[in-house]
Structures are given as structure tokens and as C-alpha cells.
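Q: To start, I am sharing the structure in question, which I have written as C-alpha cells.
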Amino acid sequence: MRSNSKLLRMSSVVALLLAVASGCTRKDSSENSPRQRLADYIGTSFAIKTPEDKQKLIGFLTGNAKIRLSAWSDEQFRSAFVETKRQFIKLSVREIKEINDHEANITYELTYLDQGRGSDAKVTHRRLCEMVKEDGQWKIRDVQNLRELIEYKDALSLP
């Protein structure tokens, strides 16, 4: 009788832990939310290793964004994504404006180190991303640059 009681308590504890763990791993937004798809695209763009990875990025795009990236030559893509000396720092979503069930606009800031601009150049872009839902999946339709800030460590400043 005592072992049955102990087993029942242990199974209750395990069930409780599983419930808590599943609640903790669940995100506020679904895996296919506009915010998550944008974050996945940015993460993928910083992980590009070869020009063949271009198709991975194109899979996140539609409309003008897809047309523009598809038109890039292998050399343009290699220069912008493969040979770049960028190191991701942070993605901050500032605002998500849902237009309807199939359209959303996201204002975000992307911050990274860019060794191509000089030693320890920290670049922050504020951008507006237009997203649409196609075949049940969110895709980036267009991106507009709103502001760019470049900060240099140990930069010379004049009075």
C-alpha cells in the first residue's frame, strides 16, 4: 500500500513537471507568427556559409523582397552574406501592427558588429518589415530601412 501511494505521488509530480515544462517552452506567439518568422530569417541570414544557402533565405520571402534577392548574382550574394564580417548582437521588435489575419507590419531594430566598416563598428538598423501569410506560413514581402546608426569604439570626436 505504501509503495502504491509513493508511486502515485511520483507520477503526480512527473505529470506536474511535464505540464510546467510544456508551459515554459511554449512561446507567447506560435512558431509561425510574424515575429518568429522574422527572427528565423535574421538568424538564418547571419548563418549563411555558401552561395547555395540563398534558397534558404528565398524560402522566407515573397513579393518584392523575393524578386530582389532572386535577381542577385552569386557574386552579389557571396559578398553580402558569405564574405561579410558581421556578428549578430540583438534583434529588438519595437512594434507589431496586425493589418488583418494575413498581413502584419513589424518595426524592429537589428544590431550587429561589422568588421568590414572598421574595428568594432556597431551598426543598428531600424526597419519596417511587411509580412503576409501565404499558404499558412508568414513570409517577408518587403523591408524598408528607416534609420541606420553606426557607432565606432574609440572613435575620434571633434568639439
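Q: So which residues in the range 40-55 are under 25 Å from Glu109 (Cβ atoms) and not in a helix (DSSP H, G or I)?
A: Ala47, Ile48
Q: For the range 17-40, state whether one or more residues are of a type outside the set (D, E, K, R), surrounded by 11 or more Cβ atoms within 10 Å (Cβ to Cβ), modelled with pLDDT of 95 or more and within 23 Å of Asp114 (Cα to Cα).
A: Yes: the range 17-40 contains one or more residues that are of a type outside the set (D, E, K, R), surrounded by 11 or more Cβ atoms within 10 Å (Cβ to Cβ), modelled with pLDDT of 95 or more and within 23 Å of Asp114 (Cα to Cα).
Q: Just wondering, is there one or more residues in the range 60-78 that are under 18 Å from Val123 (Cα atoms), surrounded by fewer than 13 Cβ atoms within 10 Å (Cβ to Cβ) and among the small types (Gly, Ala, Ser)? Give the derivation first.
A: Within the range 60-78, the first condition is being under 18 Å from Val123 (Cα atoms), and the residues that meet it are none.
No, the conditions are met nowhere in the range 60-78.
Q: Only one of these conditions is not met by Lys54: (1) of a type in the set (Lys, Arg); (2) open to solvent by 30 Å² or more (accessible area, probe 1.4 Å); (3) closer than 19 Å to Ile140 by Cβ. Which number is it?
A: (2)
Q: Please state which of the following conditions Leu113 fails to meet, knowing it meets all the rest: (1) within 18 Å of the chain's Cα centre (by Cα); (2) open to solvent by less than 80 Å² (accessible area, probe 1.4 Å); (3) at pLDDT below 95; (4) within 19 Å of Leu57 (Cβ to Cβ).
A: (4)
Q: What's the number of the condition Lys85 fails, among (1) touching a strand residue (DSSP E or B) at 6+ places or on another chain (Cβ under 8 Å); (2) surrounded by 13 or more Cβ atoms within 10 Å (Cβ to Cβ); (3) more than 26 Å from Val132 (Cβ to Cβ)?
A: (2)
A quick yes/no check of all residues on (1) in contact with a Phe, Trp or Tyr (Cβ under 7 Å, 6 or more places away or on another chain); (2) of a type outside the set (Phe, Trp, Tyr); (3) in contact (Cβ under 8 Å) with a residue 24 or more places away in the chain:
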| position | (1), (2), (3) |
| --- | --- |
| Trp72 | no, no, no |
| Asn100 | no, yes, no |
| Leu113 | no, yes, yes |
| Val123 | yes, yes, yes |
| Asp142 | no, yes, yes |
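The values are calculated or read from the model by the stated rules, or taken from the named source; none is laboratory data. Not measured: the values here are computed from a predicted model. Cβ: placed from backbone, ideal geometry, glycine included. Neighbour counts: every protein chain shown. These accessible areas exclude ligands, DNA and RNA; they are computed on the full protein's heavy atoms, side chains included. Shrake-Rupley method; radii C 1.70, N 1.55, O 1.52, S 1.80 Å.
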